[in-house]
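Working notes, structure below.
The values are calculated or read from the model by the stated rules, or taken from the named source; none is laboratory data. These figures come from a predicted structure and were not determined experimentally. A quick note on method: Cβ atoms are made from the backbone with ideal geometry, for glycine too, and the neighbour counts reach across all protein chains shown. These area figures cover heavy atoms from the full protein model, side chains too; ligands, DNA and RNA do not enter into them. Shrake-Rupley method; radii C 1.70, N 1.55, O 1.52, S 1.80 Å.
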Amino acid sequence: NRSTRKLHLTEAGRIYYEHGLRIREELESAEARVQSVSSQPMGQLKVSAQVSFGCMYLAAPTTAFLRRYPDVSV
């Protein structure tokens, strides 16, 4: 509802706004919880390459990666 000087929410607009606020708070809470749980990489990483390529180019970076992220297995 609006006039030349003021703007007021309708009842439907107020309800929609309040629900939107709650949804946003829930999303922010969910994001915070997920980030706290998975702030470090973990799990299994599968790499497919020829043995010679892996020995020449992947061995050193993979070793460094595994030292940095011990919860990952290759």
Problem set entry | Near pairs, Cβ below 9 angstrom, 6+ apart or cross-chain, from the stretch 1-23 (polar (S, T, N, Q)) to any residue that is open to solvent by 70 Å² or more (accessible area, probe 1.4 Å) | Asn1/Leu7; Asn1/His8; Asn1/Leu9; Thr10/Asn1
Exercise. Any residue in the stretch 47-55 that is touching a Ser or Thr at 6+ places or on another chain (Cβ under 9 Å), at pLDDT below 95 and not in a helix (DSSP H, G or I)?
Worked result: yes
Exercise. Can you pull out the residues in the stretch 33-42 that are loosely packed, with under 10 Cβ neighbours inside 10 Å and either among the small types (Gly, Ala, Ser) or part of a loop (DSSP other than H, G, I, E, B) (or both)?
Worked result: Ser36, Ser39
For this session: Could you check, for the stretch 2-22, whether at least one of its residues is under 27 Å from Pro70 (Cβ atoms), assigned to a loop (DSSP other than H, G, I, E, B) and not hydroxyl-bearing (Ser, Thr, Tyr)?
Result: no
For this session: Starting from residues that are among the aromatic types (Phe, Trp, Tyr) and free of Cβ contacts under 8 Å to residues at least 24 places away in the same chain, keep the ones in the stretch 43-74 and report whichever is surrounded by the fewest Cβ atoms within 10 Å (Cβ to Cβ).
Result: Phe53
